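What follows is one structure encoded as structure tokens, with my remarks underneath.
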Amino acid sequence: RKNTNKRGVSLKTQELYALVFATRYLDMFTDFISLYNTVMKLIFLSSSFSIVWYMRRHKLVRRSYDKDHDTFRHQFLVLPCLILALLIHEQFTFKEVMWTFSIYLEAVAILPQLVLLQRTRNIDNLTGQYVFFLGAYRSLYILNWIYRYFTEPHYVHWITWISGFVQTLLYADFFYYYLNSWKNNVKLTLPA
Amino acid sequence: GLETVEHDEL
């Protein structure tokens, strides 16, 4: 709220994340996994939708949001993911295809944000940290998948694993430049 | 019927 220049944050990516959670948590009220699982789903949904609402509605933020540079077209990500989900899924039911779509979409949802960072020369710290921790969170999943693969029989989820791996790869070069800027204590800039 | 695929991860 303090630094109202939402220059670095991509509204496109925020909207894609809201779509990811909306299509992934359709089973929230039908399949109870655990209190933690339900609470976190509510947190993910409320936080992603409130960020989108805030960036769209709030006059102060909307004015400073960098819409001229945040021009990545959603449909170039949403449509291929939807088609892929219709072709490759674990079960051909509405909920399962929606869930698979959300898995594919989450893998590429960060792209508008990374493109925006490349376009805005000076990346402010908050945005850089935000993207870094988004990527770090995702890479921790890979550790979790390895652990579960070796401790749980029949724990095989190719769709989740491959999408999660692709998503982490997309962050790889960002991590490289981010950690370099942190190590050399210089401003984070991404190559054009 | 088909067993429902359970997704227990966020």
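The values are calculated or read from the model by the stated rules, or taken from the named source; none is laboratory data. None of the values given here were measured: they were computed from a predicted structure. Virtual Cβ from ideal backbone geometry, glycine too; neighbours counted across all protein chains shown.
Miscellaneous remarks
- Set A:28, A:55, A:40: member being among the hydrophobic types (A, V, I, L, M, F, W, C), modelled with pLDDT under 95 and within 21 Å of residue A:134 (Cβ to Cβ): A:55
- Only residues that are of a type in the set (Gly, Ala, Ser) and either at pLDDT 95 or above or in contact with a Leu (Cβ under 8 Å, 6 or more places away or on another chain) (or both) were counted in region A:136-163, giving 1.
- Among the criteria (1) on the phi > 0 side of the Ramachandran plot; (2) surrounded by 14 or more Cβ atoms within 10 Å (Cβ to Cβ), the one residue A:127 does not fulfil is (1).
- Number of positions in region A:144-168 that are surrounded by 11 or more Cβ atoms within 10 Å (Cβ to Cβ) and either within 26 Å of residue A:112 (Cα to Cα) or among the basic types (Lys, Arg) (or both): 11
- Single residue of region A:176-192 satisfying the filter (touching a residue at least 60 places away in the same chain (Cβ under 8 Å) and loosely packed, with under 11 Cβ neighbours inside 10 Å) that is nearest to residue A:135 (Cα to Cα): A:191
- Candidates A:114, A:84, A:79 - the one that is surrounded by fewer than 14 Cβ atoms within 10 Å (Cβ to Cβ) and either more than 14 Å from every other protein chain (Cβ to nearest Cβ) or over 25 Å from residue A:165 (Cβ atoms) (or both): A:79
- Long-range neighbours under 8 Å by Cβ, at least six apart or interchain, first residue free of Cβ contacts under 8 Å to residues at least 40 places away in the same chain and under 22 Å from residue A:131 (Cβ atoms) within region A:154-175, second in a helix (DSSP H, G or I) and among the charged types (D, E, K, R): A:168/A:138
- Taken together, A:143, A:114, A:79, A:86 contain a single residue that is touching a residue at least 60 places away in the same chain (Cβ under 8 Å), part of a helix (DSSP H, G or I) and either more than 30 Å from residue A:185 (Cα to Cα) or out of contact with any Pro (no Cβ under 8 Å at 6 or more places or on another chain) (or both), which is A:114.
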